[in-house]
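J.: Have a look at the structure that comes next, please.
Since every read-out is calculated from the coordinates, none of them should be taken as a lab result. The model shown is predicted, which means the values in this text are computed figures rather than measured ones.
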Amino acid sequence: RMAFGQPRIEYKTNAQMRSMHEAGLVLSQALDAAVAAAAPGKTTKDLDAVFASVLKDAGATSNFLGYHGFPATICTSVNEEVVHGIPGDRVLQDGDILSIDGGAILDGWHSDSARTVIVGTADPEDQRLSDVTEAAMWHGIAALATGKFVGDIGNAVDDYVSSVPGKALGILEDYVGHGIGSEMHMAPDVPNYRTNHRGPKIRPGLCLAIEPMLVRGSIETAVLDDDWTVVTTDGKRSCQWEHSVAVHEKGIWVLSTPDGGAAKLAPLGVVPVPIP
Ligand code: MG
Ligand code: MG
């Protein structure tokens, strides 16, 4: 995006952010169900059906289905697939690392969240990849609570990932987080790595999807012939975690969780505050 073309940020009222939390709660339940259904022998299409049924029962709609023609309600990205994998007849195998990215719209408000699950028996290196990516996301979320600028999020993710002992993991730079609200993808961009730009100021009403993607090898990616599925070019495994988070005048609240992120943020010294 060209700097001069940066669209304006949509700042939300408390009532709007509470509506976004309702959308996030439906999404959280749908992801719970999809993660629980992920097992060897299941197809990625099976998980999409499980996810879609939870949305339907809750009276929510999908922001993924039909997005630029996307044909499903979740993205299922397996092993070297980074993001935007299309659910289909692929049968999950023991040891697959699967990222499930989904979203929900309720009363016109969007939520967006992703989790990684290891199907069956985990390779310890894949488990480490998922654990570090999830922790990196929580460090980024904590920086939204304590920082001044959106750039502080990427700095926190980058610093955390660099601090992890052992074999280095790569942070993807081709894909970033984003603002969210009356649409799924809005300004501003939210890089998951250190840049030279501090970005917009963090202030009440800002709602962001924070979504680090980490890889065990090179951060170079390519898009498959289906025009959606993003893969690592070296075939090494990849992982994504994502939450939608709101900033209000009393603090932050993680919209795509039932507890606002309290349990996961406690070790980082951040106490989320319900939206007034
Ligand atoms: Mg997502
Ligand atoms: Mg997103």
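J.: Based on the alpha carbons, how large is the Rg to Rh ratio for the stretch 185-226 when Rh follows Kirkwood?
T.: On the Cα set of the stretch 185-226, Rg over Rh gives 1.05.
J.: Give me the one-decimal Kirkwood hydrodynamic radius in Å for the stretch 177-258, with the sum taken over alpha-carbon pairs.
T.: Evaluated over the stretch 177-258, this radius sits at 14.7 Å.
J.: Between the stretch 194-252 and the stretch 158-179, what's the alpha-carbon centroid distance in Å?
T.: 9 Å
J.: Before anything else, pin down the relative contact order of the chain: Cα pairs under 8 Å, at least 6 apart, normalised by residue count, whole percent.
T.: Working: 683 pairs, mean separation 60.2, N = 276.
Worked out over the chain, it gives 22 percent.
J.: Starting from the amide H of Gly199, placed 1.01 Å from N in the peptide plane, find each other amide H under 5 Å away whose residue is 5 or more places distant or on another chain.
T.: Gly151
J.: Of the residues Gly179, Gly59, Gly170, which exhibits the maximal mean-square fluctuation in a Gaussian network model of the chain defined by a 10 Å Cα contact cut-off?
T.: Judging by the Gaussian network model, the answer is Gly59.
J.: Where is the GNM fluctuation largest for the chain (alpha-carbon springs, 10 angstrom cutoff): Pro188, Pro165, Pro212?
T.: Pro165
J.: So what is the 222 nm mean residue ellipticity for the chain from helices alone, if each DSSP H run of at least 4 adds -39500 (n - 2.57) and you divide by all residues, rounding to the nearest 500 deg cm²/dmol?
T.: Numbers: 5 runs with 78 residues, N = 276.
Taking each H run of at least 4 residues, the total per residue is -9500 deg cm²/dmol.
J.: Another question, then. Using the Kirkwood radius over Cα pairs, work out the Stokes-Einstein diffusion coefficient for the stretch 1-111 at 25 °C and 0.890 mPa s, in µm²/s as a whole number.
T.: 163 µm²/s
J.: Could you give the DSSP H helices of the chain that reach 27 angstrom or more along their long axis (alpha carbon positions) and whose average Kyte-Doolittle hydropathy is no lower than 0.0?
T.: Qualifying helices: 14-37.
J.: Further, regarding this structure: Could you compute Rg(Cα) / (2.2 N^0.38 Å) for the chain, with N its residue count?
T.: 0.93
J.: Under 20 Å between alpha carbons, and skipping anything fewer than 8 positions from Lys148 in its own chain: which aspartates and glutamates qualify?
T.: Straight-distance partners of Lys148: Glu10, Asp158, Asp159, Asp189, Glu211, Glu249.
J.: Just to be sure I understand the curve: with the Debye formula and one point per C-alpha of the stretch 1-66, what is log10 I(q)/I(0) at q = 0.12, 0.15, 0.21 Å⁻¹?
T.: These q points yield log10 I(q)/I(0) values of -0.47, -0.64, -0.87.
J.: Pulled fully out, how much extra length does the chain show between Ala168 and Asp107, if you take 0.36 nm times their separation in residues and subtract their Cα-Cα distance?
T.: This chain segment gains 17.7 nm when fully extended.
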